[in-house]
């Protein structure tokens, strides 16, 4: 499976579906999507890994945007 996500899945991403891994990186729980319209399927995990450079970029975004809850991706206004 590819690591690519559909635009709607990214737009609906929230912090409460994100789990930081002790060894670095994150998992994101994708409970619903185009291929999961009725929810997770037995025998497959809804947890999608975010590792390496993608995890670093996500952490940088969360830090700079001061995101601790709600949507992962949002407009950030200059101070």
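The values are calculated or read from the model by the stated rules, or taken from the named source; none is laboratory data. A quick note: this is a predicted structure, and the numbers were derived from the prediction, not measured. Ideal geometry is used to build each Cβ from the backbone, glycine not excepted, and the neighbour counts take in all protein chains shown.
Taking the criterion of being exposed (fewer than 14 other Cβ atoms within 10 Å of the Cβ), modelled with pLDDT of 85 or more and in a loop (DSSP other than H, G, I, E, B), the residues of segment 45-79 that qualify are 65, 66, 68, 69, 70. Residue-level analysis places residue 35 outside the set of residues that are modelled with pLDDT of 90 or more, farther than 16 Å from residue 11 by Cβ and out of contact with any helix residue (DSSP H, G or I) (no Cβ under 8 Å at 6 or more places or on another chain).
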